[in-house]
Amino acid sequence: MGVRNREIHFVVSEAELERIRAKMEELGVSSMSAYMRKMALDGYCVRLELDDVKQMTRLLRYTSNNLNQYVKRAHENGDIYAADIQDLQTRLDEIWECCKKILVRLSSIQ
C-alpha cells in the first residue's frame, strides 16, 4: 500500500457527523480515518454477523470429539452402540440445519 503521507480534509454538518459515527458504530469501526478511507476507496463496508458460523463450529467440534470417542471405544472392545450412532446422527442434523441457515443469510447479502 505504501506510506500514507497525503491528507484529505473536508467539512461535514453535525447531523452528517452523527450519521457517520452511527454507521461506524454499527460496523464496529473505531478509527474515523480507517472508515473514511475504506468508504472512499471501496464505497461500502460490510460487517458479517458470524453467530451461526460460531455455532456450527461448536457443533462440529462436539461431533468430531464424539466420533473420536466412538472409534476409540470400537478399537478397544469392538462395540459400537446404536445410541451413540443416533447421537452422532442428531448432531450431524443440527450441523446441516446450521449450514442451511448460514447459506440463506449469505444468499440475501446484496
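Details
- Longest site-free stretch - the chain; sites: trypsin sites (Lys or Arg not before Pro), DSSP loop, at most 16 other Cβ within 10 Å: 48-110
- Under 30 Å from LYS101, Cα to Cα: lysines that are on another chain or at least 8 residues apart: LYS23, LYS38, LYS54
- Straight-line reach from LYS100: taking Cα to Cα under 19 Å and skipping same-chain neighbours fewer than 8 places apart, the aspartates and glutamates in range are GLU49, ASP51, ASP52.
- Choice from LEU41, LEU60, LEU50 with maximal GNM fluctuation in the chain (Cα, 10 Å cutoff): LEU41
- Residues of type aspartates and glutamates that LYS72 reaches as a straight line, Cα spacing below 13 Å, ignoring anything fewer than 8 places off in the same chain: ASP84
- Taking the accessible area of the chain, probe 1.4 Å, and keeping the other protein chains in place, the carbon and sulfur fraction comes to 55%.
- Highest-fluctuation residue, GLU97, GLU49, GLU18 considered, GNM on the chain with Cα pairs under 10 Å: GLU18
- When Rg and Dmax are taken over the Cα atoms of the chain, they come to 24.0, 75 Å.
- Chain lengthening between ARG47 and TRP96 when straightened (0.36 nm per residue, less Cα-Cα): 15.2 nm
- ASP87 paired with ASN5, simple spin-label distance in nm, labels 7 Å along Cα-to-beta-carbon: 6.4 nm
- The chymotrypsin sites (Phe, Trp or Tyr not before Pro) found in the range 6-110 that occupy coil by DSSP, while having at most 15 further C-beta atoms within 10 Å, are PHE10, TYR44, TYR81.
The values are calculated or read from the model by the stated rules, or taken from the named source; none is laboratory data. Here the structure is a predicted model, which means the values were calculated and not measured. Neighbour counts are summed over all protein chains in view; Cβ atoms, including those assigned to glycine, are modelled from backbone coordinates with ideal geometry. Accessible surface areas use protein heavy atoms only, side chains included; no ligands, DNA or RNA. Shrake-Rupley method; radii C 1.70, N 1.55, O 1.52, S 1.80 Å.
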